[in-house]
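Trainee: Can you read through this structure? Questions will come right after.
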Amino acid sequence: MTERETEVRPDADPIDRVLAAADARAGGYALFRSGALAIQEDAAESGVIDGDQLDRDERQALRRVAGLSTELTDVTEVEYRQLRLENVVLIGIHPQGGQTDAENSLRELAALAETAGAVVLDGLLQRRSHPDPSTFLGKGKAQELRDIVASLGADTVVADTELAPSQRRALEDVVKVKVIDRTAVILDIFSQHAKSREGKAQVELAQLEYLLPRLRGWGESMSRQAGGQVGAGVGMGSRGPGETKIELDRRRIHTRMARLRKQIKEFAPARESKRANRARNAVPSVAIAGYTNAGKSSLLNRVTRAGALVENALFATLDTAVRRTETADGRQYTLTDTVGFVRNLPHELVEAFRSTLEEVERSDVIVHVVDASHPDPVSQLTTVRNVIGDLGARDIPEIVVFNKADLIDDNARLALRGLEPDALFVSARTGEGVDELLDRISQTIPRPDIRVELLVPYDRGDVISSLHEHGTILSTSYEEAGTRVVALVTAAHEGPLGAFQTERAQAAQVSD
Ligand SMILES: Nc1nc2c(ncn2[C@@H]2O[C@H](COP(=O)(O)OP(=O)(O)OP(=O)(O)O)[C@@H](O)[C@H]2O)c(=O)[nH]1
Ligand SMILES: [Mg+2]
């Protein structure tokens with residue numbers, strides 16, 4: 001064993017960790033402590049993880065959660081998770097003239113890092129047309145970064161773009177702390193938040209896809225010969241002579257990925273049948289879509305008192321939540337909370353979004369929530385609309401809602417109004433505009449418009465209540481054989497009512 005190998009704890013093997021994590025993941029494996037993906041090993045090497053780590057996490061976690069809970073006191077039925085912290089410095093580059101965009105992007109990265117449980121100490125932007133092929137930042141800036149990192153006591157640098165494995169290595173060598181990229185942060189957040197089996201499988205697959213091309217970037221300890229190093233679940237006999245650890249890892253990852261893909265395929269029918277059920281019930285569905293952190297879950301809570309998870313964190317919702325509610329005139333519909341959109345979503349993650357986006361695809365109405373207090377609402381609107389377009393859902397009626405209206409002044413309102421004249425201003429926090437939104441939803445969801453006349457026996461109360469829920473009752477009268485009802489229903493609902501349609505009703509329909 002070389003010196004290096006003795007430094008690396010056996011449980012620090014990232015491959016083992018990711019592969020084993022599917023079962024042991026109750027709390028999610030976190031980037032910023034016991035680490036996801038490539039990061040762990042480096043942390044162990046640089047001695048970041050030591051006996052004090054837990055203590056420090058403990059202290060910081062407490063502080064953080066206290067802050068969170070005051071933030072959330074006015075939101076009903078709040079759940080929050082314990083966050084783990086690490087001190088990070090963000091870096092990014094931008095071409096000439098791209099400064100504002102780069103700043104917004106860095107701000108979003110800061111929010112992402114905080115969501116993942118980090119404390120952001122500083123952010124650095126360098127103007128240059130292309131990343132430095134060797135160290136991402138230019139040589140001088142990299143040195144500067146090292147000094148900043150040292151003086152702030154940061155333990156992680158997060159780059160606002162995807163880094164090539166070699167860039168990551170080279171930059172680490174200069175700044176002396178671990179370096180990760182935006183995708184790794186997003187993946188980590190996903191893994192902390194995925195709750196359903198399907199969500200977890202999607203995220204794990206995304207992580208492995210991210211991991212695969214980066215295996216070589218992890219330095220000597222990854223590419224050493226397998227002899228003497230037997231990872232969990234790998235039998236002695238499963239290696240050929242001279243096969244390197246990296247090849248072995250690669251094969252294990254491929255096997256695992258194949259299994260995950262198969263699993264995910266098997267989930268699809270369940271989702272289909274859930275949706276088919278909804279379609280059969282003829283309950284119109286409204287999807288709440290929008291940029292991450294726009295306040296979708298808060299709004300859903302406001303509207304349904306549903307108690308969906310709300311956090312001041314990006315990507316609070318990874319799996320969709322569906323709630324049933326009704327219009328003022330008693331027509332039922334479903335409201336679906338969805339995962340937040342983010343711009344430049346890494347391609348590894350697109351599939352992980354798929355299952356939630358399908359809800360948007362099949363909805364009757366999209367409530368598009370925009371954070372009115374965001375510095376760049378236009379790009380939020382555009383990002384979301386582009387994705388909706390990609391899904392082929394552009395023809396679904398859209399209600400644009402500027403949320404967090406409590407945070408903006410009249411000028412900002414005016415500007416936003418100019419941007420989207422038909423948009424509504426609401427605040428999930430104060431309740432402003434919520435009634436208006438409910439009105440608008442009620443006007444926009446498909447209305448029952450087929451007139452039927454029925455004679456419903458008195459022992460079929462269920463038929464009458466389903467008419468109340470899904471149709472509009474125009475008149476009722478009570479006869480010896482049952483209740484005579486004239487109602488408007490949707491096409492999907494008309495079929496099952498056939499047995500109760502009266503001759504007179506059919507005649508009436510013809511003469512109408
Ligand atoms: N001031 C103010 N804050 C709000 C309002 N609505 C939501 N928030 C806050 O914004 C943060 C994000 O809200 P969420 O409802 O979790 O946002 P989301 O769109 O569901 O986010 P993801 O699920 O991560 O995509 C929370 O801290 C909320 O308390 C509002 O109307 N006014
Ligand atoms: Mg949410």
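Laboratory data are not the source of any read-out in this text; all were calculated from the coordinates shown. A quick note: this is a predicted structure, and the numbers were derived from the prediction, not measured. Ideal geometry is used to build each Cβ from the backbone, glycine not excepted, and the neighbour counts take in all protein chains shown.
Trainee: What spacing in nm lies between the two simple spin-label points modelled at residue 361 and residue 415, each 7 Å away from Cα in the Cβ direction?
Mentor: It works out to 3.6 nm between the two label points.
Trainee: Determine the sum of side-chain charges near residue 122: Lys and Arg each +1, Asp and Glu each -1, restricted to other residues whose C-beta is under 15 angstrom from that of residue 122.
Mentor: Value of the local net charge: -4.
Trainee: Full extension from residue 422 to residue 373: what is 0.36 nm times the residue separation minus their Cα-Cα distance, to one decimal in nm?
Mentor: Numbers: separation 49, 0.36 × 49 = 17.64 nm, distance 1.81 nm.
This chain segment gains 15.8 nm when fully extended.
Trainee: Provide the packing ranking of 110-118, 160-168, i.e. peptides ordered by the mean count of other C-beta atoms within 10 Å per residue, highest first.
Mentor: Highest mean packing first, the order is 110-118, 160-168.
Trainee: Continuing with the same structure: Based on the mean of other Cβ atoms within 10 Å per residue, sort peptides 403-416, 327-340 so the most packed one is first.
Mentor: So the peptides 403-416, 327-340, ranked by packing, come out 327-340, 403-416.
Trainee: Among 122-134, 283-295, what's the highest-first ranking by average C-beta atoms within 10 angstrom per residue?
Mentor: Answer by packing, highest mean first, reads 283-295, 122-134.
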